[in-house]
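Asks: Below are the structure tokens for one structure; questions will follow.
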Amino acid sequence: MDPFWTGTLIFLISYAVIVSEKVHKTKVALIGASAMLLLKILDQKEAFHSEELGIDYNVIFLLIGMMIIIGIMKKTGVFQYVAVKSAKVAKGDPFRIMVIFSIVTAIASAFLDNVTTVLLLAPVTLLIADELDIDPIPFLITEVLASNIGGTATLIGDPPNIMIASKAKLTFMDFIVHLTPVIVIIMAVYLYTIKLIFGKKMRVKEELKRRVMEMNENEMIKDPVLLKKSLVILALTILGFVIHGYLHFEPATIALSGAALLFLISGEDPHETFLEVEWPTIFFFMGLFIIVGGVVKVGLIEKMSQMMIDLTGPTETSMFATSMVMLWFSAIASAIVDNIPFVATMNPLVLDMANTVFHAGGSTSHALPPETLHNAVLMPVWWALALGACLGGNGSAIGASANVIVVGMAERAGKPISFLKFMAYGFPIMLETLVVSMIYIWVRYYLLA
């Protein structure tokens, strides 16, 4: 069979099986990657060492570094402490708890990552909902939606942003300057929306509120000494992310250095700590990069890029239509497919489009100069991709990894969240956040430019 169709078929079958959720996505990614290698769509050198076609190790080691830091921090009980303290600040009022938990989840997701945040907060949410004798499902759904919103604000908050930053050579501060302002606005709109939906529905008896007030948050802290060490290293790591562009270090270097330093001063056993790393997620990424590398090599991405150019007509002076189409297409697609494989596909497409528009196809897409990658005309397209992919993850139960995790935890707790129930909350919120994003992109990059 022609390599183009072989590579395309492996790509389409892999994505279809990932969406179906009949087989674990990590198994699918590794089988698809193996097929690309065994059928010689890619050779091993290309898969493991090529910057254009192979595994993006900046993404891989950034994720591993942060997972190690959070894995060690998790043992301290700090996240449970924050959750119980928040519930007491809300004086046991269910709606206030929902708002505070949403804000805490959004902020934590911006600086840790949304998957880790919901893993840590969901069990405490179930506990507090049980104490209040109230349905935990609205709490869990509003938290996971907030985690996807908050995770959009920074480079490290959501895996799609990590992937975009790596390909576009964007810094931590680029995300703070360009995405955090709109996420603050979106979060305010989101909180007002959940007030309209839940504000008058949540009423509990005073004695149940008192049960929450009697909980002792200090009992949640299991290791105060380790907590202090972890917080110092986390603060230094985040500072490193803020200034990594000035230091000329990649984010992965900062994350791995922070992890190594915390290992050293915490005295934690590496064997135990490495068990906390989400290896299935890491290998999912690795397999995915190889699958996408295969379709880049055979030319599928180039054809898709040409279709985007024909549809939106980007020029060296304006990519307004491209930005708007990218925002909405990314969101709808990310609601159907997990946003991680979607961004893995779209990154090379944007690079190929930039090569065509700015260099008439004469440059190498994976090695475009910084002045092209950061061209003022192209930048709104990168931000539209980030906003669309991250916020689009709220559109369905399979739109983002955090959604899948929360749905699974709710099911294990005997409180199943159906696909349609999640979508009933998530899809309208997704549309609302996209409208705000669209206005923001138009005003900031076109109206005021």
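The values are calculated or read from the model by the stated rules, or taken from the named source; none is laboratory data. All values derive from a computational prediction rather than experimental measurement. Every residue, glycine as well, gets a Cβ built from its backbone with ideal geometry; the counts of neighbours run over all protein chains shown. What goes into the accessible areas is simple: the full protein's heavy atoms, side chains included, and nothing from ligands, DNA or RNA. Shrake-Rupley method; radii C 1.70, N 1.55, O 1.52, S 1.80 Å.
Asks: Show me the helices (runs of 4 or more DSSP H) entirely contained within the range 250-348 in which 3 or more residues are within 18 Å of the chain's Cα centre (by Cα), of a type in the set (Asp, Glu) and not assigned by TED's automatic domain parsing to the domain that holds residue 389.
Replies: Of the helices (runs of 4 or more DSSP H) lying wholly inside the range 250-348, none has at least 3 residues that are within 18 Å of the chain's Cα centre (by Cα), of a type in the set (Asp, Glu) and not assigned by TED's automatic domain parsing to the domain that holds residue 389.
Asks: Look through the range 357-397, keep the residues that are in contact with a helix residue (DSSP H, G or I) (Cβ under 6 Å, 6 or more places away or on another chain) and among the β-branched types (Val, Ile, Thr), and return whichever of them is modelled with the lowest pLDDT.
Replies: Residue satisfying both the conditions and the ranking: 372.
Asks: Ok, one more. Kindly evaluate residue 360 against the criterion of being surrounded by fewer than 23 Cβ atoms within 10 Å (Cβ to Cβ), over 29 Å from residue 281 (Cβ atoms) and over 21 Å from the mean Cα position of the chain (by Cα).
Replies: Here the answer is yes, as residue 360 does meet what is asked.
Asks: Let me ask you something else. If only one of 242, 225, 232 is surrounded by fewer than 19 Cβ atoms within 10 Å (Cβ to Cβ), β-branched (Val, Ile, Thr) and within 30 Å of residue 168 (Cβ to Cβ), which one is it?
Replies: 242
Asks: I'm trying to understand the selection: among the residues of the range 267-300, which are out of contact with any Lys or Arg (no Cβ under 9 Å at 6 or more places or on another chain), open to solvent by less than 10 Å² (accessible area, probe 1.4 Å) and among the aromatic types (Phe, Trp, Tyr)?
Replies: Matches in the range 267-300: 285 only.
Asks: Taking the range 9-33 on its own, how many of its residues are in a helix (DSSP H, G or I) and touching a helix residue (DSSP H, G or I) at 6+ places or on another chain (Cβ under 7 Å)?
Replies: Adding up the residues that qualify gives 14.
Asks: Being of a type in the set (Gly, Ala, Ser), at pLDDT below 90 and either surrounded by 20 or more Cβ atoms within 10 Å (Cβ to Cβ) or closer than 30 Å to residue 239 by Cβ (or both): is that true of residue 86 here?
Replies: So residue 86 fits the description; yes.
Asks: List the residue pairs whose Cβ atoms are under 9 Å apart, where the first residue sits in the range 189-205 and is among the basic types (Lys, Arg), the second is open to solvent by 20 Å² or more (accessible area, probe 1.4 Å) and not in a helix (DSSP H, G or I), and the two are 6 or more positions apart or on different chains.
Replies: 205/133
Yes or no, residue by residue, for (1) open to solvent by 10 Å² or more (accessible area, probe 1.4 Å); (2) under 20 Å from the mean Cα position of the chain (by Cα):
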position: 47; (1), (2): no, no
position: 97; (1), (2): no, no
position: 115; (1), (2): yes, yes
position: 125; (1), (2): no, no
position: 150; (1), (2): no, yes
